[in-house]
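Here the structure is laid out as structure tokens; the discussion comes afterwards.
The values are calculated or read from the model by the stated rules, or taken from the named source; none is laboratory data. Quantities reported herein were computed from a predicted structural model and do not represent experimental measurements. Cβ sites come from the backbone with ideal geometry, for glycine too, and all protein chains shown count toward neighbours.
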Amino acid sequence: MLQEQIEFADAHIRGEQYRAVVDASGVLSGFVQFFPIVGVTRLGLGLRPDLIGKGSGIGLQFVQLLTREAQKIAPGHEIDLEVLVWNERAIRTYERAGFTITDTYEKQTPMGMSNFHCMVYDAASPN
């Protein structure tokens, strides 16, 4: 966790990898980190909790927007993300946006060990 705080405090990394998503009024709606890995852009994303789960489709639109932006930033790179295995609502949204589960593994979090799916974007999917 300390490493994450240091990373976010680094102005260069923050400017290169992080973006805020704001609504038409300029209010923060979410964020994304476009984390570069060799040949891959990993999305780390978050949407304001009060905006999700209402059937509005904003979660899907958010993921589609971020996926398009990742394609612009690093054309030809694979796009993936990690999601906790219990987060079924997010998994369904990612699947609707064209992501598929390609791996499942356990990794350390600030709360202890947790199981994650890695989901990879299929650019050919009709989303």
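Remarks
- Scope the stretch 34-55; condition touching a residue at least 12 places away in the same chain (Cβ under 8 Å), over 20 Å from residue 76 (Cβ atoms) and not basic (Lys, Arg); matching residues: 44, 45, 46, 47, 51, 52, 53
- Count - residues of the stretch 33-69 that are under 24 Å from residue 14 (Cβ atoms), part of a helix (DSSP H, G or I) and touching a helix residue (DSSP H, G or I) at 6+ places or on another chain (Cβ under 7 Å): 2
- Members of the stretch 9-56 that are more than 21 Å from residue 82 (Cα to Cα) and surrounded by 10 or more Cβ atoms within 10 Å (Cβ to Cβ): 10, 22, 23, 28, 56
- Scanning the stretch 3-17 for any residue that is of a type in the set (Phe, Trp, Tyr) and either at pLDDT 80 or above or on the phi > 0 side of the Ramachandran plot (or both) turns up nothing.
- With respect to the conditions (1) under 11 Å from the mean Cα position of the chain (by Cα); (2) buried (at least 19 other Cβ atoms within 10 Å of the Cβ), residue 93 lacks only one, and its number is (1).
- The lone exception for residue 111 - which of (1) at pLDDT 95 or above; (2) out of contact with any strand residue (DSSP E or B) (no Cβ under 8 Å at 6 or more places or on another chain) it fails: (1)
- The condition (being over 17 Å from residue 46 (Cα atoms) and either touching a helix residue (DSSP H, G or I) at 6+ places or on another chain (Cβ under 7 Å) or part of a strand (DSSP E or B) (or both)) is satisfied by just one residue among 79, 101: 101.
- If you check 78, 69 for being within 18 Å of residue 124 (Cβ to Cβ), surrounded by 15 or more Cβ atoms within 10 Å (Cβ to Cβ), more than 11 Å from the chain's Cα centre (by Cα) and not β-branched (Val, Ile, Thr), only one passes: 78.
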